[in-house]
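To keep things clear, I will list the structure first and then write my remarks on it.
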Amino acid sequence: MSDAKFLKALGGTRLPTPPIWLMRQAGRYLPEYRAVRATTKSFLEFCYTPDKAVEVTLQPIRRFGLDAAIIFSDILVVPDALGQKVWFEEGEGPKLEALADPADFGKLSRARLPERLAAVYQAIRQARSALPAATALLGFAGAPFTLACYMIEGGGSREFAKVKSWAYRHPDSFGLLIDLLVDAVIDHLVNQIEAGADAVQLFDSWAGVLPEQQLFSWSLDPMVRIAHAVHARHPKTPIIAFPRAVGPAALMYRRSDAFAALSIDTGIGAHWAARELQPHICIQGNLDPIMLVTGGAALEREATRILDKLGHGSFVFNLGHGVVPQTPPDHVAQLVEIVRNWKPS
Ligand code: CP3
């Protein structure tokens, strides 16, 4: 087990300066990523080529010395491994052959998941052995509700009308899909941990579109079930929950029996999080990714404000969502410097 600063923070230790990593730290804002990415047309094929996935996983670590690497992959490898057709269209994002009715679930099976995702586990083994001991390696998965959104909408969406009306009208059949995804995500996380991931994060990027009752049934409950099942096999591996855009319902997720940390988006105030969430659970977040595009004095002020609010408890510095492609890499270097030089007042 690594003694990485990141893992200490997740274990509840308050450090003189918090560890830092960034969601989507490997990606198109880095010229060295674009160069490797250009060698493979299909995004999924790129994800499934261990040497390339490892190379882009390491790039932001080499450039910025971040405290954690996140394995380069995508949340949509799980629907792909279940047998749903998934592809990425240039400039349009992900596309899936949408599930149209409960009969379509019958086409999905988790039997072949370990074999179909073997390249991800191979990449994790290689990345772990290439990384310094002080750098933690994170695995991840999409949470069941967010995966169901893509699987039923057939891609991104503005209204989420198909997935929501299915869940509201036919909760029993929606529950069957969620149960299948719970089991698939458990398998995927356990396999990542066994390949060498030091911690894992569950991305529920679209949790915020659900009203409170449904948020409990379709976001929190499946995530807690996953966490308990993963911990039954690997009790010491920290799990980070990222229920995006849920506002004050974030209170429901401060479940230290399930999660080591709660990742908060930009919509949650750092002051409120320090008072209401941090006494119960380590917090990760929550700089606006556009502050990283802005840079300069505005970035310094805002990062320092977040550090002053959350840096006194157990905290991992991160963004409220992923790094955007127009981010100047120098601003990431500036942010790392601000975080490392911060002094508690
Ligand atoms: O550095 C990292 O964070 C690791 C890699 C990572 C990717 N996707 C690579 C990627 C991670 C952790 C993800 C998670 C992911 N994927 C989420 C959850 C986080 C979030 O953003 O809310 C979601 C919803 C997806 C689905 C997805 N994949 C979308 C919507 C897109 C298109 C949007 C875009 O930025 O182009 C992707 C493609 C994708 N996944 C890219 C990368 C670097 C860009 C594709 C490319 O390089 O050609």
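What the table shows:
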| quantity | calculated |
| --- | --- |
| Chain lengthening between ALA232 and VAL324 when straightened (0.36 nm per residue, less Cα-Cα) | 29.5 nm |
| Cβ-placed point charges (K, R +1; D, E -1), dipole of the chain about Cα centre in debye, nearest 20 | 640 debye |
| Two-site label geometry, LYS162 and THR294: point separation in nm, points 7 Å out along Cα→Cβ | 3.7 nm |
| Gain in span if fully extended, GLU32 to ARG62, counting 0.36 nm per residue against the direct Cα distance | 9.7 nm |
| FRET efficiency, 1/(1 + (r/R0)^6) with R0 22 Å, evaluated for ARG305 and SER256 via beta carbons | 0.25 |
| In order through the stretch 217-224: 3J(HN,Hα) via Karplus (6.51 cos²θ - 1.76 cosθ + 1.60), integer Hz, x for Gly, Pro | 6, 9, 10, 5, 4, x, 5, 5 |
| For ILE70, distant residues with modelled amide H under 5 Å away | LEU138 |
| GLY155 long-range amide H proximity, modeled H, under 5 Å | LEU96 |
| Gain in span if fully extended, SER217 to THR17, counting 0.36 nm per residue against the direct Cα distance | 68.3 nm |
| Unit Cα scatterers, Debye sum, the stretch 5-341: log10 I(q)/I(0) for q = 0.10, 0.12 Å⁻¹ | -0.55, -0.81 |
| Whole-number percent relative contact order across the chain, with pairs defined as alpha carbons under 8 Å at least 6 apart | 21 percent |
| Relative packing of peptides 20-27, 99-106, 115-122 - highest average C-beta neighbours within 10 Å first | 20-27, 115-122, 99-106 |
| The stretch 204-310: mean projected area of Cα convex hull, nm² | 7.1 nm² |
| Burial ranking of peptide ranges 28-36, 218-226 (average Cβ count within 10 Å, highest at the top) | 218-226, 28-36 |
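None of the figures in this text is laboratory data; all of them are computed from the coordinates on show. Note that the structure is a prediction, hence the values are computed from the model and not measured. All Cβ positions, glycine included, derive from the backbone under ideal geometry; neighbour counts span all protein chains shown.
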